[in-house]
Amino acid sequence: MGWVKLYRQLKAAGVIGLNARNGNYIQYYNQRRLYPRVDDKILCKKLCQEAGMPVPDLYGVIATQHDAGHLRELLVEHSKFALKPANGSGGDGIMVIVGTRNERYKRPNGRTVTLEELEHHVSGILSGMFSLGGHPDRAMVEALVEFDPVFSDLAYQGVPDIRIIVFLGYPVMAMTRLPTRESDGRANLHQGAIGVGVDIGSGRTVRGTWSNNIIEEHPDTGAKVNGFPVPGWDKIVDMAARCYEPIGLGYLGVDVVLDKNRGPMILELNARPGLAIQLANQEGLLGRLKQIEAIADKPRTPEERIAISRDLFTRYRPAA
């Protein structure tokens with residue numbers, strides 16, 4: 001009986017579950033033939049660049065086990081980088097290197113790895129250890145985002161990112177993901193990062209959740225997570241809305257990072273964005289999706305879509 005009550009409460013709050021998300025939105029609005037545009041991070045980066053959106057630089061791609069033996073030559077000019085699978089998901093398989101020390105590569109938590117360990121990790125990526133479906137993959141070496149010091153109190157030894165759910169080109173819900181000691185400097189919720197809801201209209205953080213618990217302070221830095229204005233919010237929302245045209249997916253997760261020199265950049269796009277964003281915002285997503293579906297004459301320009309989203313979904317309105 002307790003589960004029935006909980007189900008009714010969640011339904012009343014507009015919380016959407018996996019089955020409803022998959023059947024009513026992902027399968028209905030995302031054509032399967034378009035999935036490679038986001039599942040393949042190398043192709044996704046190319047499409048974003050062609051659409052005029054900034055992305056982290058790609059240093060190189062390792063496609064074969066033979067190429068893995070030349071990793072040293074690829075890294076000789078780069079002391080900071082992210083090593084990741086081209087077809088990975090959920091942050092699995094990503095190794096972040098923040099510097100070198102005594103011919104070893106330093107990770108955000110201070111530990112170091114050898115070149116041989118990096119080569120072994122690349123071999124695992126190529127074998128499909130981290131890819132969708134376990135298929136053989138490619139490894140990509142990407143420029144590490146330069147941490148924007150504005151987030152120094154809100155992130156622990158890592159780079160936070162901003163996730164925006166874009167539905168039919170309309171930004172409908174957002175959160176920022178803050179690295180913690182537990183997440184090893186990575187902005188992935190299932191690895192221990194914090195999820196903080198962001199108001200679509202103002203770009204201010206509204207709530208924080210960590211390991212499914214509501215929090216007011218970062219567990220490692222002690223900084224308050226509510227009421228923080230995300231820098232460059234107008235540009236971030238604009239970039240998210242503009243992803244709809246080149247990608248073509250109706251239900252899309254857009255991940256943006258803030259670089260201290262280049263500003264907002266598209267990090268990744270996701271055809272199956274998770275639902276923890278509802279917990280971070282303490283609000284269900286279903287109502288917002290239905291509001292967009294109910295718009296009879298849907299404006300076609302990103303500017304029009306953004307204006308409507310801000311009108312519908314702004315919760316933080318400062319006193320006059």
Discussion item. Can you match volume of the Cα convex hull per residue in Å³ to one of these, (i) 121; (ii) 227; (iii) 151, based on a calculation from the structure here?
Written reply: (iii)
Fill in: Computed label-point distance, nm, for sites A296 and S211 using a 7 Å Cα→Cβ extension
5.2
Response to the item:
Share of accessible surface on carbon and sulfur in the stretch 188-257, whole %, 1.4 Å probe and ligands ignored, is 45
Worksheet, complete the sentence: Sequence order, the stretch 270-279: Karplus ³J(HN,Hα) from phi using 6.51 cos²θ - 1.76 cosθ + 1.60, θ = phi - 60°, Hz rounded, Gly and Pro as x, gives 9, 7, 9, x, x, 9, 5, 4, 5, 5
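So if we plug the beta-carbon distance of D220 and N261 into 1/(1 + (r/R0)^6) with R0 = 25 Å, what FRET efficiency do we get, rounded to 0.05?
Efficiency computed from Cβ-Cβ geometry: 0.45.
With every protein chain present, what is the per residue accessible area of the stretch 211-320 (1.4 Å probe, Å²)?
On the way: 5220 Å² over 110 residues.
Accessible surface, normalised per residue, equals 47 Å².
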Response to the item:
Of all GluC sites (Glu not before Pro) in the stretch 96-172, the ones in DSSP coil with at most 12 other Cβ atoms within 10 Å are E103
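Less than 14 Å Cβ to Cβ from N30, Lys/Arg counted +1 and Asp/Glu -1: what total charge do the surrounding residues give?
Working: positive: R21, R32, R33, R37, R272; negative: D39.
For residues surrounding N30, the net value is +4.
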Worksheet entry | R0 of 41 Å, Cβ-Cβ distance E50-E304: FRET efficiency to nearest 0.05 | 0.95
Worksheet, complete the sentence: Using alpha carbon centers only, the stretch 54-114 is separated from the stretch 246-287 by a whole-angstrom value of 24
Discussion item. Can you give me the distance in nm between label points at S127 and A276, each placed 7 Å from the Cα along the Cα-to-Cβ direction?
Written reply: 2.7
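Pop out the carbon and sulfur fraction of the accessible area of the stretch 126-173 as a percent, whole number, probe 1.4 Å. Before the final figure, lay out the partial values.
On the way: 920 of 1600 Å².
Carbon and sulfur together cover 57 percent of it.
I'd like the FRET efficiency for Q65 and R33, computed as 1/(1 + (r/R0)^6) with the beta carbon distance as r and R0 of 25 Å, rounded to 0.05.
Values: r = 30 Å, r/R0 = 1.21.
Calculated transfer efficiency: 0.25.
Could you give the length gained by full extension between R315 and N109, i.e. 0.36 nm per residue of separation minus their alpha carbon distance, to one decimal place? Can you show the working numbers first?
Details: separation 206, 0.36 × 206 = 74.16 nm, distance 3.65 nm.
The R315-N109 span can extend by a further 70.5 nm.
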Worksheet item: For the chain, what is the mean residue ellipticity at 222 nm derived from helices alone (per DSSP H run of n ≥ 4: -39500 (n - 2.57); sum divided by total residues; nearest 500 deg cm²/dmol)?
Response: -7000 deg cm²/dmol
Response to the item:
Comparing A143, A296, A193 in a Gaussian network model of the chain (Cα, 10 Å), the one with the largest mean-square fluctuation is A296
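Which shape class, rounded, prolate or oblate, goes with the stretch 28-166 when its Cα gyration tensor gives a ≥ b ≥ c as root eigenvalues, a/c under 1.5 marks rounded, and past that a/b bigger than b/c marks prolate? Spell out each step's value before the answer.
Numbers: a/c = 1.81, a/b = 1.18, b/c = 1.54.
Note, shape of the stretch 28-166 comes out oblate.
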Discussion item. Within 13 Å, Cβ to Cβ, of P149, how many net charges do the neighbouring residues add up to if Lys/Arg are +1 and Asp/Glu are -1?
Written reply: -3
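The values are calculated or read from the model by the stated rules, or taken from the named source; none is laboratory data. All of these numbers come straight from a predicted model, not from anything done at the bench. Counting neighbours? That spans all protein chains shown, and the Cβs are built from the backbone with ideal geometry, glycine included. Heavy atoms of the whole protein, side chains included, go into the accessibility calculation; ligands, DNA and RNA do not. Shrake-Rupley method; radii C 1.70, N 1.55, O 1.52, S 1.80 Å.
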